[in-house]
Amino acid sequence: MQMRDIPFGTTDWSTIPATEHPGDTGVARWRTRQFGPADDPIRVRMVEYSPGYSADHWCSKGHILLCIAGELETLLEDGRRFVLRPGTSYQVADGAEPHRSSTATGATLFIVD
C-alpha cells in the first residue's frame, strides 16, 4: 500500500453517516472514508458489529484491524481462531488467508484496507 495524494486532515467519525451491512446474523454498521487517488483509494472505516454478528462470507481482502471496544473472533479458513480485544490488532494481505469474523458481545473496530 502506498499512501499518496492525501492531504493532512482529521475525521470526526460521529459525523460520518453509517451504512448497514447484514451478516448471516446481526449487522455491521460502517462509517467509511476513502483517501488518495480515485483509481487506487485507501478505505478507512469505523465499524460497529452488533451482538451476535456473524459474517456472511469468507473474506480474502487485505486489512489492518484495531479493536477499540468489545471482542471479535476471527476464524481462518485453515481452522485457526484469533480473538481481538480492545488494544489488539491483526493484519492480513490481499489474497492471503481467507477469514471470517463474528462477535457474541459486539465490537467496534478501526479498519484500513
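The values are calculated or read from the model by the stated rules, or taken from the named source; none is laboratory data. Computed from a prediction, not measured in an experiment: that's the story for all the values here. Here Cβ is always computed from backbone atoms with ideal geometry, including for glycine, and neighbour counts include all displayed protein chains. Ligands, DNA and RNA are stripped out before the accessible areas are found, and what is left, the full protein with its side chains, is counted by its heavy atoms. Shrake-Rupley method; radii C 1.70, N 1.55, O 1.52, S 1.80 Å.
Numbers at a glance
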{"quantity": "Given (1) touching a Lys or Arg at 6+ places or on another chain (Cβ under 7 Å); (2) open to solvent by 70 Å² or more (accessible area, probe 1.4 Å); (3) part of a loop (DSSP other than H, G, I, E, B), index of the condition THR10 fails", "calculated": "(1)"}
{"quantity": "Among residues of region 65-86, those that are β-branched (Val, Ile, Thr) and loosely packed, with under 14 Cβ neighbours inside 10 Å, counted", "calculated": "1"}
{"quantity": "Region 1-22 - residue that is modelled with pLDDT of 90 or more and among the hydrophobic types (A, V, I, L, M, F, W, C) and, of those, farthest from SER101 (Cα to Cα)", "calculated": "PHE8"}
{"quantity": "Residue in region 29-48 that is at pLDDT 95 or above and not in a strand (DSSP E or B) present", "calculated": "no"}
{"quantity": "Complete set of residues in region 61-113 that are outside any strand (DSSP E or B) and touching a residue at least 24 places away in the same chain (Cβ under 8 Å)", "calculated": "LYS61, GLY62, GLU71, ALA93, ASP94, GLY95, ALA96, PRO98, ALA104, THR105, GLY106, ASP113"}
{"quantity": "Qualifying positions in region 36-64 - over 20 Å from GLY26 (Cα atoms) and surrounded by 15 or more Cβ atoms within 10 Å (Cβ to Cβ)", "calculated": "GLY36, ILE42, ARG43, VAL44, HIS63"}
{"quantity": "Within region 49-60, considering residues that are outside any strand (DSSP E or B) and among the polar types (S, T, N, Q), the one nearest to GLY106 (Cα to Cα)", "calculated": "SER50"}
{"quantity": "For THR10: the one exception among (1) more than 16 Å from the chain's Cα centre (by Cα); (2) under 24 Å from GLY95 (Cβ atoms)", "calculated": "(2)"}
{"quantity": "Neighbours by Cβ (under 7 Å, 6+ apart or cross-chain): first from region 14-38, touching a residue at least 24 places away in the same chain (Cβ under 8 Å) and of a type in the set (A, V, I, L, M); second open to solvent by less than 90 Å² (accessible area, probe 1.4 Å) and not in a strand (DSSP E or B)", "calculated": "VAL27/SER50"}
